[in-house]
Structures are given as structure tokens and as C-alpha cells.
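Colleague: Structure below; questions to follow.
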Amino acid sequence: MPVEPIYNNQEPFPVETPEDVARLVDLLVPAADDDPLSRLLGDHFSLLAATHPEWFTPYRELVLTERLESFNGNFGDFRILFGGASDGCVEHLLGQLRDGWKTWPGWGLASIGTEAAMSALADWVRAGGERGDLEDLGVWVPPTGPAQYRFPLERKAVFLRKFDDPAELSTVDNPVGLPLAEVLRDPEKSPVTWHYVSLRVDQLPGMATWPVPRVHLVGPRANWGWELTAAFDEDGRYRDEVARLDSAPDAEEEGYLIGDEQYGGNHGAVTLRPYDGDLVYCNGHIQLTPDVVGTAGGPPLGVGRTPHCPACERLMFHVASVEHHVRDYGDGWRGLFVCEDCRLVTCNANGWN
Ligand SMILES: [Zn+2]
């Protein structure tokens, strides 16, 4: 089954007909007092968002206004299932944010995406609402006009295939473990110490027109809690990299990281495949699917604060989020973002804040 229950006394429900979806929505009522059931249902809604989101359309209003507290899913699922809900829902959810941000009504309102919803979000922030919570979801409120999504609706699972022969790197679309000289103009002076993966821009959901074939996810010598911004030359190699670390690694951590650099890490390639019924949905994510290391497109996943473009300040566009397992170095999620106006790339890793 594509839904893997978190608790071993649970059985998944079928999600094969519109009637199955009606039953899932009915079960949100008892799930209000049953957190394990609520979470189990959430993974079914994640599967539904990937397979038959149109079957959920008749229930958008009911769930947003009466059953949201027991609804689970990640924000990408919210966006797909609740996108286009009525202005009545916008009013209802906005009313619940009058005293400040609350996760479920906030996510609900931010997922609707209609002109009314995006204007309501912008007004809410300009009236003093906390924009950081929205930005973590990939939603930007510009100085004027409605809120904007800084991610595409479409999501693709990132599958890793490892191989031993580095000569194979030149034959694949999305290589893992390139020599730094291939992705940096000046490796000797760069704060970049690690190549995770390079992704072909023509395979990335929603990617803007881009002057070079690939964007690179790279990182500095740190376990987590960093942000690295770069411009790039006509060959796509990064230049003028600037790294910001929450804190420098201690001597022991640094020793491990240098050891990884000397060892060299794995080589491989990733492929991007649509979210569908062949992935494993568990605990709000797809990471238990064999060989899946992350997601391209959709909102950022687990990478902490969504970065702002250092040149124009706009919230950056989310390209992909992958776990460090794509090529082991440091720990946790790594994000890849671009500013399509300034042609800058930012890679980041979650910190503790
Ligand atoms: Zn910019």
C-alpha cells in the first residue's frame, strides 16, 4: 500500500473511488479526539493530493470551515487540495487569525490561492501579522499587491541512484558528487566544500527561464544552520559565493567533515518523477519511499527559514529540498532556491531556530 501507517496497530484505508474519499472526510469527525487516526488520515489525503485531488473538491469548504483541526498533510498537500476554495472560506479563516497566527487556519488560508485569499493574506501582514510564518511556507507578501507563491504547485520526487565509476557522471542529467572545479569558478577561494547534486533546469517544476543548463546544490564546511548565496558564470559555475553560518563547527565536527572531503563521498545521479500512487506516504512525507531523498517543486521542506534574495530582498523561489543522504555530509535538509530576477542561487540547511 502507498500509505504506510505510523502505528503498527493501524490498517490503511482504500483511496480508490470518490466514495472512499467521502469516508475519509467522515472519519475526520472522530479523528478530532483521536490523534493517531488524524495522522493516519493525513497520509491518505497526501496520497489523494498526488493521485485524485479532484475527488476532494466537493469537501473543500466543509473541511476548511468545520474539520480543519483534525485534517493533516504537508503544506504542498494543502495547496493542492484546498486551492480554489470559496471566498466564504477566506472570510472564515481570516476571522480565526484576528488574534495572531494559528497554524491550521493560517495554512488553510495560505493554501487557497485565489485573488481574494492572496489579497487577504497581504492585508493581514500589512496590518501587523507575522510574515515569517507565511514565508516559511514559501508565501511572499511584496510591498504592494497580493501575496505570491514562491514555489510551483507541481512536485516531483527525487530518486537517488549511486554508482562507483565517476566517468558515468558526464553521462547523466542530474549528477551527484561532481568535482568542485566543475561547479565553482574558483574552488581555491570558495567557502564551498561539498557538491550534493546538480539539477537540469528544464526538468524542474515551475523553473524560470534560466541562462545555463543546471543549478547546483552545494554547501560549506558545516553540519547544519548555514546559507550560501552565489552568482554564476556563462558555464553555470558559481562565483562570488557568500556563506553565512549560524555557528562555526567545533574542532571535532570539522575533523569529521574534512574526513568526508578526503574520502570523497558517493557518486550517483538523481531522477525526478511525479508524485503518484507508487510513493510511500508516511507521517506527512514521502521519505520512506526506497531511494527517495527529497522533492523538487512544491513548498520548501524542513529547510528552516526561506531565504530572501540578498540583492532585491524578495523571498526566493523554492527549487528543491533534499536530505543530506543524497551525498552524506553534515546532517539534515538542504534547500535550493533562486531569484529569477537577480539570477542568484541560495542553498541552505536548517538550523536550530
Ligand atoms: Zn533578487
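Colleague: For segment 155-349, what % of the accessible area comes from carbon and sulfur atoms, probe 1.4 Å?
Modeller: Numbers: 3880 of 8230 Å².
Roughly 47 percent of what the probe reaches on segment 155-349 is carbon or sulfur.
Colleague: Here is a further query. If the viscosity is 0.692 mPa s and the temperature 37 °C, what translational diffusion coefficient in µm²/s does Stokes-Einstein give for segment 1-152 when Rh comes from Kirkwood over Cα pairs? The partial results should precede the final answer.
Modeller: Values: Rh = 15.9 Å.
D, rounded to a whole number, is 207 µm²/s.
Colleague: Quick check: from the Cα gyration tensor, does segment 155-349 come out rounded (a/c under 1.5), prolate or oblate?
Modeller: On the way: a/c = 1.24, a/b = 1.10, b/c = 1.13.
Judged from the Cα gyration tensor, segment 155-349 comes out rounded (a/c under 1.5).
Colleague: While we're looking at this one, here's another question. Taking just the alpha-carbon atoms of the chain, what radius of gyration and Dmax come out, in angstrom?
Modeller: Values for the chain (Cα only, Rg and Dmax): 20.9, 61 Å.
Colleague: Another question about this same structure. Only helical DSSP H runs with n ≥ 4 go in: add -39500 (n - 2.57) per run for the chain, normalise by residue count and round the 222 nm mean residue ellipticity to 500 deg cm²/dmol. Walk me through the numbers before you get to the answer.
Modeller: On the way: 9 runs with 94 residues, N = 353.
Computed ellipticity for the chain at 222 nm equals -8000 deg cm²/dmol.
Colleague: Sticking with this one: Got the relative contact order for segment 119-245 handy, in percent, Cα pairs under 8 Å and 6 or more residues apart?
Modeller: On the way: 164 pairs, mean separation 22.5, N = 127.
Over segment 119-245, the number comes to 18 percent.
Colleague: Can you give the net charge of the other residues whose Cβ lies under 15 Å from the Cβ of Gly177, counting K and R as +1 and D and E as -1? Before the final figure, lay out the partial values.
Modeller: Working: positive: Arg161, Lys162, Arg214, Arg327, Arg334; negative: Asp164, Asp165, Glu168, Asp173, Glu182, Asp260, Glu261, Asp328.
Combined, the nearby Lys, Arg, Asp and Glu give -3.
Colleague: Could you work out the equivalent-ellipsoid semi-axes for segment 89-206, taking the square root of 5 times each eigenvalue of the Cα gyration tensor, largest first, in whole Å?
Modeller: 42, 17, 12
Colleague: Sort segment 155-236 into rounded, prolate or oblate with this rule: let a ≥ b ≥ c be the square roots of the eigenvalues of the Cα gyration tensor; rounded if a/c is under 1.5, and if a/c is not under 1.5, prolate when a/b is larger than b/c, oblate otherwise.
Modeller: On the way: a/c = 1.33, a/b = 1.14, b/c = 1.17.
Rounded, because the longest to shortest axis ratio a/c is under 1.5.
Colleague: Amide H neighbours of Glu130 under 5 Å, counting only residues 5+ apart in sequence or on other chains, H built in-plane at 1.01 Å?
Modeller: Hits under the 5 Å cutoff: Trp101.
Colleague: Near Ala32, within a Cβ-to-Cβ distance under 15 Å, what is the net charge of the other residues, with Lys and Arg +1 and Asp and Glu -1?
Modeller: Numbers: positive: Arg39, Arg67; negative: Asp26, Asp33, Asp34, Asp35, Glu66, Glu69.
Net charge around Ala32: -4.
Colleague: Give the dimensionless ratio obtained when the Cα radius of gyration of segment 108-174 is divided by 2.2 N^0.38 Å. Don't skip to the answer; put the middle values down first.
Modeller: On the way: Rg = 19.1 Å, N = 67, 2.2 N^0.38 = 10.9 Å.
Cα-based Rg divided by the globular estimate yields 1.75.
Colleague: Please compute the per residue accessible area over the chain with all protein chains in place, 1.4 Å probe, rounded to a whole number of Å². The partial results should precede the final answer.
Modeller: Numbers: 15380 Å² over 353 residues.
It amounts to 44 Å² per residue over the chain.
Colleague: Okay, moving on. Taking +1 at the Cβ of each Lys and Arg and -1 at the Cβ of each Asp and Glu, which of Thr229, Ser247, Gly129 sits farthest along the dipole of segment 118-261 towards its positive end, judged by Cα position relative to the Cα centre?
Modeller: Comparing the listed Cα positions along the dipole, Gly129 ranks first.
Colleague: Something else: Dipole of segment 155-349, Cα-centred, from +1 at each Lys and Arg C-beta and -1 at each Asp and Glu C-beta, to the nearest 20 debye? Write out the running numbers ahead of the final one.
Modeller: Values: 18 positive and 30 negative charges, 127 e Å.
That gives a dipole near 600 debye.
The values are calculated or read from the model by the stated rules, or taken from the named source; none is laboratory data. Please read these numbers as outputs of a predicted model, since none were measured by experiment. So basically every Cβ, Gly included, is an ideal-geometry build from the backbone, and we count neighbours across all protein chains shown. Areas reflect the complete protein model, heavy atoms only, side chains present, ligands, DNA and RNA absent. Shrake-Rupley method; radii C 1.70, N 1.55, O 1.52, S 1.80 Å.
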